[in-house]
Amino acid sequence: MDRTLIQEILEVVEQAAIASAHLTGLGQKDEADAAAVEAMRKRMGDIQMQGKIVIGEGERDEAPMLYIGEEVGSGSGPGVDFAVDPCEGTNLCANSQRGSMAVLAASDRGGLFNAPDFYMKKLAAPPAAKGKVDIRKSATKNIRILSDCLGIAIPDLTIVVMDRARHKDLISEIRSTGARVQPISDGDVQAAIACGFAGTGTHCLMGIGAAPEGVISAAAMRALGGHFQGQLVYDPAIAQTSEWADYTKEGNIKRLNEMGITDIDKIYEANELASGENVVFAGSGITDGLLFDGVKFEKDCTRTSSLIISTLDKSARFTNTVHIKDGAKSISLK
Ligand code: VTB
């Protein structure tokens with residue numbers, strides 16, 4: 001991978017965000033997702049690379065595009081692996097709520113963990129707490145460590161947790177320390193990455209979300225130097241999701257083993273989930289969010305706001321792009 005890829009990858013997420021944004025607020029989550037998938041795939045096709053989707057919309061038989069194993073790009077050039085989530089937070093997009101975005105992570109061949117479509121217990125925290133907080137420790141202990149590392153009093157810490165039945169005890173425990181809980185309905189990628197920046201008002205992400213999204217968060221946090229750890233969740237009694245109504249713990253363990261994952265309780269560090277020599281995270285807002293704004297449609301242009309974090313040049317670029325319409329007469333500065 002080289003730096004020229006950064007610009008191309010930016011355009012990939014911008015195009016996906018614009019495509020989904022046309023459907024914001026229409027209550028059509030599948031359509032919003034499909035539009036982003038199509039736009040992402042189309043723009044990827046123009047990149048000189050031998051790209052491969054390692055985390056995508058699912059297996060080939062359940063997803064017509066951006067399925068796991070799909071080859072993307074021109075077919076010549078560097079080998080690049082992609083973990084994509086073209087419309088992260090489809091419910092947020094469909095309901096015109098904050099926090100949906102088009103995201104991907106890219107790395108050299110073999111540089112991203114091929115996460116199964118399972119759940120993952122996650123812990124994300126700012127760079128100052130990297131390696132000090134630990135997913136093996138209790139929430140109470142981690143909050144004390146976080147407070148010490150950040151120099152922020154516990155009552156001033158905000159811990160983001162997905163608003164799910166499985167987190168009832170976790171939320172009670174966090175509140176009992178005096179720290180604030182911010183429950184979110186969706187979008188734990190944005191919450192995890194927000195921990196990597198000071199000033200976002202988000203100090204830590206705790207709890208269980210989807211594993212594929214965990215790899216994308218890990219790539220961003222690795223490039224930022226933030227803390228991220230993940231552990232696969234295979235017990236339906238812990239995940240407490242209707243998605244797994246017909247699944248058993250034993251069946252899930254068998255599925256993991258069949259995928260070659262035998263150390264099922266392994267705790268993955270950010271640099272194991274995103275292990276390539278170089279990793280790039282790219283996200284573009286569909287709706288407004290903590291990190292960047294959503295797509296704005298104007299008379300003569302469309303504006304996108306994005307973030308690219310890259311180990312290639314050790315940068316986090318916040319970009320605003322004006323996409324100019326044919327025949328545009330007036331483009332305002334902001
Ligand atoms: C998780 C989370 C995502 O969807 O995948 C969630 O990681 C779905 O979780 O950020 P449930 O199955 O518990 O509803 C998101 O919130 C959005 O894609």
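The values are calculated or read from the model by the stated rules, or taken from the named source; none is laboratory data. As the structure is a prediction and not an experimental result, all values here were calculated from the model. Neighbour counts run over all protein chains shown; Cβ positions are idealised from the backbone, glycine included.
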Self-check item: Failed condition for Lys132, given (1) in contact with a Cys (Cβ under 8 Å, 6 or more places away or on another chain); (2) away from the ligand (no atom under 15 Å from the Cβ); (3) in a helix (DSSP H, G or I)
Solution: (3)
Exercise. Considering every residue within the stretch 112-128, establish whether at least one is over 15 Å from the mean Cα position of the chain (by Cα), of a type in the set (Gly, Ala, Ser) and closer than 24 Å to Leu170 by Cα.
Key: yes
Quiz item: Which residues, counting only those in the stretch 205-230, are assigned to a strand (DSSP E or B) and within 14 Å of the ligand (Cβ to nearest atom)?
Solution: Leu205, Met206, Gly207, Ile208, Gly209, Ala210, Phe228, Gly230
Quiz item: Can you name the condition, by its number, that Asp169 falls short on among (1) among the acidic types (Asp, Glu); (2) within 23 Å of the chain's Cα centre (by Cα); (3) surrounded by fewer than 16 Cβ atoms within 10 Å (Cβ to Cβ)?
Solution: (2)
Self-check item: Selected residue (only one of Arg166, Arg175 is outside any loop (DSSP other than H, G, I, E, B) and either within 16 Å of the ligand (Cβ to nearest atom) or among the small types (Gly, Ala, Ser) (or both))
Solution: Arg166
Practice problem: Among the residues of the stretch 231-276, count how many are within 16 Å of the ligand (Cβ to nearest atom), in contact (Cβ under 8 Å) with a residue 12 or more places away in the chain and more than 18 Å from the chain's Cα centre (by Cα). | Solution: 9
Quiz prompt | the stretch 131-177, residues that are within 23 Å of Ala210 (Cβ to Cβ) and among the polar types (S, T, N, Q) | solution = Asn142, Thr158
Self-check item: Any strands (runs of 3 or more DSSP E) falling wholly within the stretch 30-123 and containing at least 2 residues that are within 16 Å of the ligand (Cβ to nearest atom) and not small (Gly, Ala, Ser)
Solution: 79-88, 101-108
Quiz item: Within the stretch 64-80, is there a residue that is in contact with a Pro (Cβ under 6 Å, 6 or more places away or on another chain) and closer than 22 Å to Leu307 by Cα?
Solution: no
Quiz item: What pairs can you find where one residue is in the stretch 180-192 and touching a residue at least 24 places away in the same chain (Cβ under 8 Å) and in the same structural domain as Leu205 (by TED's automatic domain parsing), the other is in a loop (DSSP other than H, G, I, E, B) and within 7 Å of the ligand (Cβ to nearest atom), and their Cβ atoms are less than 7 Å apart, with a gap of 6+ or different chains?
Solution: Asp186/Gly89; Gly187/Gly89
Quiz prompt | Filter result for the condition that a residue is touching a Gly at 6+ places or on another chain (Cβ under 9 Å), charged (D, E, K, R) and at pLDDT 95 or above, over Lys141, Lys130, Lys168, Lys137 | solution = Lys130
Exercise. Take the residues in the stretch 287-334 that are touching an Asp or Glu at 6+ places or on another chain (Cβ under 7 Å) and under 13 Å from Ala17 (Cβ atoms), then tell me which one is surrounded by the fewest Cβ atoms within 10 Å (Cβ to Cβ).
Key: Thr321
Quiz item: In the stretch 294-305, is there at least one residue being among the aliphatic types (A, V, I, L, M) and in contact (Cβ under 8 Å) with a residue 60 or more places away in the chain?
Solution: yes
Practice problem: Give Gln182, Gln190 a once-over and let me know the one that is crowded, with 24+ Cβ neighbours inside 10 Å and either under 21 Å from the mean Cα position of the chain (by Cα) or in a helix (DSSP H, G or I) (or both). | Solution: Gln190
